[in-house]
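Input: a single structure, listed below in C-alpha cells.
The values are calculated or read from the model by the stated rules, or taken from the named source; none is laboratory data. None of the values given here were measured: they were computed from a predicted structure. Glycine gets a Cβ as well: all are built from the backbone with ideal geometry, and neighbour counts include every protein chain shown.
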C-alpha cells in the first residue's frame, strides 16, 4: 500500500521447536527471513505465505488508523 510504512512494526512468530514466541520487525524479516528463538536457540525459517498475510494486515491496520486520525 503506497504511503503506509510498516517496516518497523514487530510481528510475533512461533518457534517450531518449543512453541515460544519470537518477535521481529517486518523490515528485518524482509531482509533475512530466518529467526533465532531466544528460549530454545533453534534457528528457523519464516513461513513466507503467513508472513505476507501478517504484513497485509499490518498495512490495513495502519491505513485505518491514519484515516481515523484525519477524521
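If you go through the range 20-37 and keep only what is over 30 Å from residue 69 (Cα atoms) and either surrounded by 12 or more Cβ atoms within 10 Å (Cβ to Cβ) or touching a strand residue (DSSP E or B) at 6+ places or on another chain (Cβ under 7 Å) (or both), you end up with 20, 21, 22, 33, 34, 35, 36, 37. Out of contact with any helix residue (DSSP H, G or I) (no Cβ under 9 Å at 6 or more places or on another chain), exposed (fewer than 13 other Cβ atoms within 10 Å of the Cβ) and part of a loop (DSSP other than H, G, I, E, B), is that true of residue 17? Here the answer is no, as residue 17 does not meet what is asked.
Limited to the range 1-14, what total is found for residues that are within 21 Å of residue 63 (Cα to Cα) and either loosely packed, with under 13 Cβ neighbours inside 10 Å or free of Cβ contacts under 8 Å to residues at least 24 places away in the same chain (or both)?
Initially, the range 1-14 is screened for residues within 21 Å of residue 63 (Cα to Cα), giving 1-12.
Filter once more, keeping what is either loosely packed, with under 13 Cβ neighbours inside 10 Å or free of Cβ contacts under 8 Å to residues at least 24 places away in the same chain (or both): 1-3, 5, 7-8, 10, 12.
Residues meeting the conditions: 8.
Listed by first and then second residue, the pairs with beta-carbon distance under 7 Å, at least 6 apart or on different chains, first residue in the range 20-35 and assigned to a helix (DSSP H, G or I), second exposed (fewer than 12 other Cβ atoms within 10 Å of the Cβ), are 27/8. Please go through the range 41-71 and pick out each residue that is under 15 Å from residue 14 (Cβ atoms) and surrounded by 13 or more Cβ atoms within 10 Å (Cβ to Cβ). Selection gives 42, 44, 46, 47, 51, 54. If the condition is being modelled with pLDDT under 90, over 12 Å from residue 6 (Cβ atoms) and assigned to a helix (DSSP H, G or I), then the range 48-71 contributes 67, 68, 69, 70.
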